[in-house]
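First up is the structure itself, then whatever we jot down about it.
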């Protein structure tokens, strides 16, 4: 006789053919806003997604979303370049002497889906120095007690634990305040941005690393400033000759 144990786990790749969420990035030190990669969760007018998106400014939006015979479980997303139901935006907002601040916004682009008791899992090396979180609940995930680089975030009950379907109320957001660790802290090489983000257990697609907002080249600015200063001095010198 033989016995065996079977353990069933959720597979994102078996549950759906395309990703369900993506991540966009921005920062105070760079004007570039890095969007979700194009066609992350499908493409507009694609044979695999016929009629699956609707323009947010369409005058027929209400009739399309709430029309008779519409299955509320059938995704109907807002027409975007990424075509994802969920977008997570990570914005490096402020830089203080001993702290730095991040704003996280979760936006729902699905007109037929509300997310109750949603959760977000974020991997970032500075979570061991998280000082304050303003509008989400927070719990560290530390399978290895010496490493605290993963956090679970979820909404505050009766305040933002319910993520509405696409529309003016279809987003939740919070700010995170981190303390700087002088031995590890830097804004260089994308360090300020998360390594990986999961929404409701699904792995969200990140932008390519070479597209991350980068720090301004201070050396070039310094050279330009010195050149400008010298040019101005020479001009003033010749004017008074």
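The values are calculated or read from the model by the stated rules, or taken from the named source; none is laboratory data. These figures come from a predicted structure and were not determined experimentally. Heads up, the Cβs are rebuilt from the backbone with ideal geometry, glycines too, and the neighbour counts pull from every protein chain shown.
Okay, here's what the table says:
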{"read-out": "Matching residues in the stretch 113-148 - criterion: being in a loop (DSSP other than H, G, I, E, B), more than 17 Å from the chain's Cα centre (by Cα) and either surrounded by 17 or more Cβ atoms within 10 Å (Cβ to Cβ) or in contact (Cβ under 8 Å) with a residue 60 or more places away in the chain (or both)", "value": "113"}
{"read-out": "Test set (1) exposed (fewer than 12 other Cβ atoms within 10 Å of the Cβ); (2) assigned to a loop (DSSP other than H, G, I, E, B); (3) modelled with pLDDT of 90 or more - residue 6 fails condition number", "value": "(3)"}
{"read-out": "Pairs where the first residue, in the stretch 1-29, is under 30 Å from residue 190 (Cβ atoms) and the second is loosely packed, with under 15 Cβ neighbours inside 10 Å and at pLDDT below 75, C-beta under 8 Å, 6+ apart", "value": "17/48; 19/12; 20/12"}
{"read-out": "Filter result (in a loop (DSSP other than H, G, I, E, B) and within 16 Å of residue 104 (Cα to Cα)) within the stretch 149-158", "value": "156"}
{"read-out": "Filtered residue count, the stretch 159-174, keeping only those that are within 21 Å of residue 140 (Cα to Cα) and part of a strand (DSSP E or B)", "value": "3"}
{"read-out": "Meets criteria (free of Cβ contacts under 8 Å to residues at least 24 places away in the same chain and on the phi > 0 side of the Ramachandran plot) for residue 189", "value": "yes"}
{"read-out": "When residues of the stretch 175-205 are limited to those that are assigned to a loop (DSSP other than H, G, I, E, B) and over 16 Å from the mean Cα position of the chain (by Cα), the one surrounded by the fewest Cβ atoms within 10 Å (Cβ to Cβ)", "value": "183"}
{"read-out": "Pick from the stretch 41-57, criterion out of contact with any strand residue (DSSP E or B) (no Cβ under 7 Å at 6 or more places or on another chain) and either over 16 Å from residue 16 (Cα atoms) or surrounded by fewer than 13 Cβ atoms within 10 Å (Cβ to Cβ) (or both), ranking: modelled with the lowest pLDDT", "value": "50"}
{"read-out": "Residue, farthest from residue 132 (Cα to Cα), within the stretch 96-112, restricted to residues that are at pLDDT below 95 and either part of a strand (DSSP E or B) or in contact with a helix residue (DSSP H, G or I) (Cβ under 6 Å, 6 or more places away or on another chain) (or both)", "value": "111"}
